[in-house]
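Worksheet for the structure shown next.
All of the numbers you see were taken from the coordinates with simple rules; none came from a lab. Owing to the predicted nature of the structure, the values given are computational and were not obtained by experimental measurement. Cβ placement follows ideal geometry from the backbone for every residue including glycine, while neighbour counts extend to all protein chains displayed.
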């Protein structure tokens with residue numbers, strides 16, 4: 001269901017680009033939140049049933065992955081398994097809202113790839129992280145990818161205030177790192193926030209207490 005929610009978010013974003021119907025934009029922003037709910041529920045259901053398996057452990061991490069051929073008119077991603085609900089969907093939402101320059105898409109693609117790298121490292125190192133008395137890891141190494149919902153919340157606030165492409169425009173504007181304005185060297189300042197978030201996800205020194 002986490003994967004379902006992420007997929008619906010992506011298709012809702014695409015529908016918004018085609019129709020400009022704000023209902024699709026709001027749907028695209030709500031579905032990742034629903035995906036987070038399902039992401040939390042799986043462990044609770046397993047404990048309630050007093051059952052677990054290696055398959056369940058892998059599904060917890062991989063259920064929200066998909067092999068995608070993404071439309072070139074939005075992004076050009078090679079076919080690769082990517083995090084949907086908390087990686088692809090928020091990045092596509094950022095694109096829909098207005099982060100559409102060449103450098104914006106480079107940063108957003110990096111955001112997705114860092115989410116994938118963070119997932120891979122979590123699966124490889126979770127057994128090495130110190131555990132509490134209940135057998136759970138004491139902390140996350142790097143920023144957990146569901147934290148990207150904070151960015152979705154920011155984009156939702158912008159949409160509510162009309163601070164999106166086609167209306168008042170994205171806050172803080174752009175800067176041109178090279179070339180002329182409107183060229184490949186132009187980037188939105190807010191894209192740098194996505195870049196910093198991506199770096200925090202793959203950080204080896206950042207430790208986030210696990211609640």
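Estimated from the Cβ-Cβ distance and a Förster radius of 30 angstrom, the FRET efficiency linking residue 137 and residue 109 is about 0.55.
Shown is the FRET efficiency for residue 47 and residue 26, computed with R0 = 25 Å from the Cβ-Cβ distance and rounded to the nearest 0.05: 0.15. Ranking of 40, 194 by neighbouring Cβ atoms within 10 Å, starting from the fewest: 40, 194. The distance between label points at residue 165 and residue 150 comes to 2.6 nm (points 7 Å beyond Cα on the Cα→Cβ vector). Ordering 174, 109, 205 by the number of other Cβ atoms within 10 Å of each residue's own Cβ, fewest first, gives 205, 109, 174.
Extension gain, residue 208 to residue 129, is 27.2 nm, computed as 0.36 nm per intervening residue step minus the present C-alpha separation.
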